[in-house]
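Contents: one structure, followed by commentary.
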Amino acid sequence: MKITRVSVFQVDLPLAKPYWLSGGRLRFDQLDSTLVAVDCDTGHRGWGEGCPWGHTYLPAHGAGIRAAAELLVPALLGQDPRELDRLNRLMDLVLPGHLYAKSALDVACWDLFGQATGQPLSALLGGCESEAGAPIASSISTGQPPEMLAEIQRYRDRGYFAHSAKVGGDAALDVARIRYLEENRAPGETIVYDVNRAWSRQEAVAVMTAVADLGVTVEQPCETLDDCAAVARRTSTSISLDERLETTGDLCRFISEGIGEVVNIKINRVGGLTKARRLRDLAEASGLRLLVMESGGSVIADTGAAHLAATVPEHLMIGSWLSHDMLSKDLAPGRGARNVAGRMPAPKSPGLGVAPDLAQLGDPVAVYQ
Ligand code: MG
């Protein structure tokens with residue numbers, strides 16, 4: 001089985017409504033997504049998607065994925081897509097770093113591996129621990145406390161029971177937001193308070209100390225891992241690591257220094273399913289709880305995350321996320337990982353289990369063969 005051709009597509013994915021990230025400092029209206037179709041001499045075609053959450057959230061942007069493909073794809077042509085670790089070493093050799101730019105190609109090769117073996121990705125990634133799928137965490141835009149609760153209620157009405165509420169930007173208001181949402185949290189419901197790096201160390205210590213009696217989890221309170229480590233020494237509030245988890249080295253430090261108890265593995269940010277799987281194993285072996293999701297994209301991206309999320313034992317899984325649930329465009333209507341009573345079951349068909357409607361993608365922006 002050899003890779004014979006890679007087609008690269010660009011598609012704009014409009015958000016159903018504008019979205020403000022923690023502190024209201026970043027606004028998003030549309031995502032720039034890159035889909036790759038990897039064809040083989042066996043006639044199989046695998047799909048992957050790389051879609052950063054805009055270009056201001058992380059050091060990643062859509063055009064970067066397409067530019068990196070010019071360097072990465074020649075190294076993959078002629079290779080066996082089932083040899084995932086070896087393919088990742090090849091990509092790391094021709095382009096060190098740039099993890100986000102490698103994810104779509106990695107996922108497309110996993111799709112091919114699954115199709116070739118007749119297995120869904122959840123089976124190949126270790127085995128499905130949850131037929132019902134991981135809980136889907138809503139993404140609640142920063143706002144006044146009643147506005148945020150109203151947004152949570154809209155998700156509750158659709159079956160959601162896990163939420164990622166965005167806070168940050170105003171320490172006093174953040175304490176009020178967290179207290180208000182905790183007072184109104186339903187039985188069995190999970191809320192992670194996601195700061196997206198918006199607090200200074202001083203603000204983080206102040207807020208996390210003020211809400212320490214609530215036993216909540218705060219995600220990525222400050223900019224760097226050093227900041228998070230410093231804050232962790234001053235507060236008993238649990239920390240989840242998100243944006244600054246990129247490599248196994250980051251995770252090893254997080255674990256060995258006891259910085260926090262939760263990690264959020266985003267497939268695109270860490271370089272694809274092959275590298276995400278390694279982080280999952282290390283996190284599980286260290287007793288951390290996990291969120292597993294994509295950084296953005298259509299149902300194609302979300303479905304890859306659904307497969308990996310389904311392999312996490314239920315007692316360690318906090319939740320995933322459906323980026324496509326926030327879009328006004330659907331690249332594969334009715335197919336792939338969807339909201340079923342607040343969970344996202346992974347498809348049981350071989351491979352990724354979903355492919356986009358070609359008519360919605362238009363012509364490829366590049367074809368390598
Ligand atoms: Mg986060």
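The values are calculated or read from the model by the stated rules, or taken from the named source; none is laboratory data. Model, not experiment: these values are computed from the prediction. No Cβ is skipped: glycine too gets one built from the backbone with ideal geometry, and neighbour counts run over all protein chains shown. Surface accessibility is based on the protein's heavy atoms, side chains included, excluding ligands, DNA and RNA. Shrake-Rupley method; radii C 1.70, N 1.55, O 1.52, S 1.80 Å.
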#### Entry: Potential lengthening between residue 4 and residue 29 on full extension [0.36 nm per residue; Cα-Cα distance subtracted]
5.4 nm
### Task
Could you provide, to the nearest whole Å², the per residue accessible area of the chain with probe 1.4 Å?
36
### Query
Just how large is the dipole of segment 123-344 about the Cα centre, in debye to the nearest 20, putting +1 at every Lys and Arg Cβ and -1 at every Asp and Glu Cβ?
380
### Query
Quick one: with all protein chains in place, what share of the accessible area of segment 123-344 is carbon or sulfur, to the nearest percent (1.4 Å probe)?
49
### Query
Net charge near residue 161, counting Lys/Arg +1 and Asp/Glu -1 over other residues with Cβ under 12 Å of its Cβ?
+2
### Query
Under the rule of -39500 (n - 2.57) per DSSP H run of 4 or more residues, summed and divided by the residues of the chain, what mean residue ellipticity at 222 nm is obtained, to the nearest 500 deg cm²/dmol?
-10500 deg cm²/dmol
### Task
Among 175, 108, 159, flag the residue with its Cα farthest along the positive direction of the charge dipole of segment 95-189, charges on Cβ as +1 for Lys/Arg and -1 for Asp/Glu.
175
#### Entry: Exposed GluC sites (Glu not before Pro) absent: longest stretch of the chain, with sites in DSSP loops and at most 12 other Cβ within 10 Å deemed exposed
132-313
### Message
Take the residue pairs 102/329; 17/275; 17/102; 166/329 and return only those whose Cα atoms are more than 26 Å apart.
### Response
17/275; 17/102
### Task
Specify whether the C-alpha gyration tensor of segment 123-344 places it in the rounded, prolate or oblate class, a ≥ b ≥ c being the square roots of the eigenvalues: rounded for a/c under 1.5, otherwise prolate if a/b is larger than b/c and oblate if not.
oblate
